[in-house]
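Trainee: The following block contains the structure, expressed as structure tokens.
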Amino acid sequence: MTTHTTARRGWARRAAALLATAGLAATTALALAAPAHAGTTLGQSAAERGRYFGAAIAAGRMSDSTYLGIFNREFNSVTAENEMKWDATEPNQGQFSYANGDRIVNHAISRGMKVRGHALLWHAQQPGWAQNMSGQSLRNAAINHVTRVATYYRGKIHSWDVVNEAFADDGRGSRRDSNLQRTGTDWIEAAFRAARAADPGAKLCYNDYNTDSINAKSTGVYNMVRDFKARGVPIDCVGFQSHFGTTIPSDYRANLQRFADLGVDVQITELDIEQGSNQANAYRQVVEACLAVSRCTGITVWGIRDTDSWRGGANPLLFDGSGNKKAAYTATLNALNAGNNNGGGDNGGSTSIDTNAWYVLVNRSSGKALDVYNLSTADGADIVQWSRNNGNQQQWQFVASGNGNYRVKSRLSGKVLDVYAKSTANGGEVVQWPDLNGTNQQWAVAISNGYATLRNVNSGKVLEVQGGSAADGANVVQYDGWNGSNQQWQLVRVG
Ligand code: XIL
């Protein structure tokens, strides 16, 4: 791709570059147009099927190059194994500590990965000061925690585990006794309402273990979710931890499906399966179950190598202690590749447009964000893609022009996306320009499966990353729409 030496490159040079890349663009178009095909990594294959494939990682291990190398190569979502829990983020009441969480979150976002936030409220891993509290003061402290942490991470989190493990293992589907439960049974809905207010763009999940099959505990959760949906308590997803022994429950898929049928997404959030002769087969069964449920949006394994696992001795993960792929890895990748691309679909992108919101537009092909090059506020400044950092030069607001058409306004400059000089050509340059509500500044926005296509009203061509480039600084232009992944944009609400 053209290198940027100035914010606004010369038109003659641009035209020459476009001619030079026209053939490339057409070739890439064919490659990108292919339906779900065999991916070579877990994240890539899952993405082909509208899902994510994530791992829990520990900030303290990120300096281990084998560990980080596997993570970067294989996964497109992350959960902080411990760094975003209450004891880590609010070690003293009212004093918040985000350094370790930030290491994980910022690393993931800069690489176009999703982040599962884990966990806002839980009976375990509470800071000592909270363990010693009760009643209204604990309730207030808990809700304040939810608000503060969800506000801090607003715009960066795909899904939050708002509440973790609030049901008991008593065979009756009761709530677990805890200091939080003793503040009143409505503590869970209060937490979900506070989380929604703090980060309206994040999916809000309830997460638990031993809820993977249809049993008294999962039915307790099911009844709570059904009640929340009936009463309008904000809940979007249910997480199934899926810490398994050597076998998978025979009704696993049916259980996921009954939750999905309540109108929530389901996610497999902490998968690990004890080593044994059935391990690879069991991983395959988990992948097949998720792919069979259209609202199962992703899978997260709880660690990278067996030696990283919290389940010492169980060797329950996909990579051995040396970082080699195990048979379980191959079975998992093969099961992903064998699956169809029905469903998933929820990639965290907004499914409708709120004209009061600010969005980062993340390209489906590259995972990079629509960006005003070099933080320019000048008329004619170039629009490119860049690694996502949520800066003002990557934030955009939709301004209604009527008939479902919008201008797309930069938070940095206040200027709007504009097809330069009203070009109607393939490769026509997209720049920023003062808002004149011109037809070359209006885009028809269509959102499907969580991805938006922006079609210019003047030219009829769509906004794309030229040539499907993955590079920082790659040019954003208009081109004939062919539903390429480089023409699809996730709208991630950040404000
Ligand atoms: C575990 C971590 O993996 C350990 O490092 C930590 O000592 C304890 O917590 N359910 C959850 C996770 O929701 O947060 C737990 O993680 C595993 C069980």
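Trainee: Which residues, taken from the range 256-280, are more than 16 Å from the ligand (Cβ to nearest atom), out of contact with any Cys (no Cβ under 8 Å at 6 or more places or on another chain) and not hydroxyl-bearing (S, T, Y)?
Mentor: Of everything in the range 256-280, those that are more than 16 Å from the ligand (Cβ to nearest atom), out of contact with any Cys (no Cβ under 8 Å at 6 or more places or on another chain) and not hydroxyl-bearing (S, T, Y) turn out to be Q257, R258, F259, D261, L262, G263, Q275, G276, N278, Q279, A280.
Trainee: Is it true that S401 is touching a residue at least 12 places away in the same chain (Cβ under 8 Å), among the polar types (S, T, N, Q), in a strand (DSSP E or B) and not assigned by TED's automatic domain parsing to the domain that holds T247?
Mentor: yes
Trainee: Could you list all residues from the range 451-495 that are surrounded by fewer than 21 Cβ atoms within 10 Å (Cβ to Cβ), closer than 18 Å to K422 by Cβ and among the hydrophobic types (A, V, I, L, M, F, W, C)?
Mentor: Matches in the range 451-495: V457 only.
Trainee: Then there is this: Can you tell me which of N72, N106 is under 17 Å from the mean Cα position of the chain (by Cα), more than 16 Å from the ligand (Cβ to nearest atom) and either assigned to a loop (DSSP other than H, G, I, E, B) or within 28 Å of A191 (Cβ to Cβ) (or both)?
Mentor: Step by step, each of N72, N106 is checked, and only N106 is under 17 Å from the mean Cα position of the chain (by Cα), more than 16 Å from the ligand (Cβ to nearest atom) and either assigned to a loop (DSSP other than H, G, I, E, B) or within 28 Å of A191 (Cβ to Cβ) (or both).
Trainee: Could I ask something else about it? Suppose the filter is in the same structural domain as G414 (by TED's automatic domain parsing), away from the ligand (no atom under 16 Å from the Cβ) and crowded, with 23+ Cβ neighbours inside 10 Å; does L333 pass it?
Mentor: So L333 fails the test.
Trainee: Right, here's the next one. Say we look at the range 234-255 and pick out the residues that are under 18 Å from the mean Cα position of the chain (by Cα) and within 13 Å of the ligand (Cβ to nearest atom); which of these is surrounded by the fewest Cβ atoms within 10 Å (Cβ to Cβ)?
Mentor: Residue satisfying both the conditions and the ranking: Q241.
Trainee: Is there a residue in the range 117-125 that is within 16 Å of the ligand (Cβ to nearest atom), surrounded by 15 or more Cβ atoms within 10 Å (Cβ to Cβ), assigned by TED's automatic domain parsing to the domain that holds I299 and among the aromatic types (F, W, Y)?
Mentor: Checked the range 117-125: at least one residue is within 16 Å of the ligand (Cβ to nearest atom), surrounded by 15 or more Cβ atoms within 10 Å (Cβ to Cβ), assigned by TED's automatic domain parsing to the domain that holds I299 and among the aromatic types (F, W, Y).
Trainee: Something else now. Which of the residues spanning the range 406-447 are of a type in the set (S, T, N, Q), crowded, with 19+ Cβ neighbours inside 10 Å and farther than 14 Å from Y479 by Cα?
Mentor: S410, S413, Q432, Q441, Q442
Trainee: Given the condition in contact with a Pro (Cβ under 8 Å, 6 or more places away or on another chain) and among the hydroxyl-bearing types (S, T, Y), answer yes or no: does some residue in the range 91-101 qualify?
Mentor: The answer is yes; a qualifying residue exists.
Trainee: Say we look at the range 258-285 and pick out the residues that are within 21 Å of the chain's Cα centre (by Cα) and farther than 24 Å from N76 by Cα; which of these is modelled with the highest pLDDT?
Mentor: Looking at residues that are within 21 Å of the chain's Cα centre (by Cα) and farther than 24 Å from N76 by Cα, I get F259.
Trainee: Separate question: Give the residues of the range 303-357 that are at pLDDT 95 or above, assigned to a loop (DSSP other than H, G, I, E, B) and under 23 Å from I109 (Cβ atoms), sorted by residue number.
Mentor: Of everything in the range 303-357, those that are at pLDDT 95 or above, assigned to a loop (DSSP other than H, G, I, E, B) and under 23 Å from I109 (Cβ atoms) turn out to be G303, I304.
Trainee: Do you know which residues across the range 142-161 are without any contact (Cβ under 8 Å) to a residue 60 or more places away in the chain, under 26 Å from R182 (Cβ atoms) and buried (at least 23 other Cβ atoms within 10 Å of the Cβ)?
Mentor: A142, H145, V146, A150, W160
Trainee: Just one of the numbered conditions (1) polar (S, T, N, Q); (2) surrounded by 16 or more Cβ atoms within 10 Å (Cβ to Cβ); (3) under 22 Å from the mean Cα position of the chain (by Cα) is not true of S178; which one?
Mentor: Answer for S178: the failing condition is (3).
Trainee: Hey, can you tell me all the residues within the range 158-183 that are away from the ligand (no atom under 16 Å from the Cβ) and in a loop (DSSP other than H, G, I, E, B)?
Mentor: Result: H158, D170, G171, R172, G173, S174, D177, N179.
Trainee: For the range 57-98, how many residues meet the condition of being surrounded by fewer than 22 Cβ atoms within 10 Å (Cβ to Cβ) and in contact with an Asp or Glu (Cβ under 8 Å, 6 or more places away or on another chain)?
Mentor: Count: 6.
Trainee: Contact list please: Cβ distance under 7 Å, first residue in the range 108-119 and within 12 Å of G155 (Cβ to Cβ), second residue assigned to a strand (DSSP E or B) and of a type in the set (F, W, Y), pairs at least six apart or on different chains.
Mentor: G117/W160
Trainee: Which numbered condition in (1) surrounded by fewer than 18 Cβ atoms within 10 Å (Cβ to Cβ); (2) farther than 30 Å from K422 by Cβ; (3) more than 16 Å from the ligand (Cβ to nearest atom); (4) modelled with pLDDT of 95 or more is the only one that D379 fails?
Mentor: It is condition (2) that D379 fails.
Trainee: Among the residues of the range 290-301, is there at least one that is of a type in the set (D, E, K, R), more than 13 Å from the ligand (Cβ to nearest atom) and out of contact with any strand residue (DSSP E or B) (no Cβ under 6 Å at 6 or more places or on another chain)?
Mentor: The answer is no, given that none of the residues of the range 290-301 is of a type in the set (D, E, K, R), more than 13 Å from the ligand (Cβ to nearest atom) and out of contact with any strand residue (DSSP E or B) (no Cβ under 6 Å at 6 or more places or on another chain).
Trainee: What is the residue count in the range 42-69 for residues that are in a strand (DSSP E or B), within 16 Å of the ligand (Cβ to nearest atom) and either within 15 Å of the chain's Cα centre (by Cα) or of a type in the set (S, T, Y) (or both)?
Mentor: 3
Trainee: Go through the range 75-103 residue by residue and tally those that are within 14 Å of the ligand (Cβ to nearest atom) and in contact with a Lys or Arg (Cβ under 8 Å, 6 or more places away or on another chain).
Mentor: Looking only at the range 75-103, we keep the residues that are within 14 Å of the ligand (Cβ to nearest atom), and these are 78-89, 100-101.
Narrowing the set further to residues that are in contact with a Lys or Arg (Cβ under 8 Å, 6 or more places away or on another chain) leaves 78-79, 83.
The total comes to 3.
Trainee: For the range 440-495: of the residues being over 18 Å from the mean Cα position of the chain (by Cα) and of a type in the set (K, R), which is nearest to K203 (Cα to Cα)?
Mentor: Per the stated criteria, the residue is R455.
The values are calculated or read from the model by the stated rules, or taken from the named source; none is laboratory data. On a predicted model such as this, the values are computed, not experimentally measured, just so you know. So basically every Cβ, Gly included, is an ideal-geometry build from the backbone, and we count neighbours across all protein chains shown.
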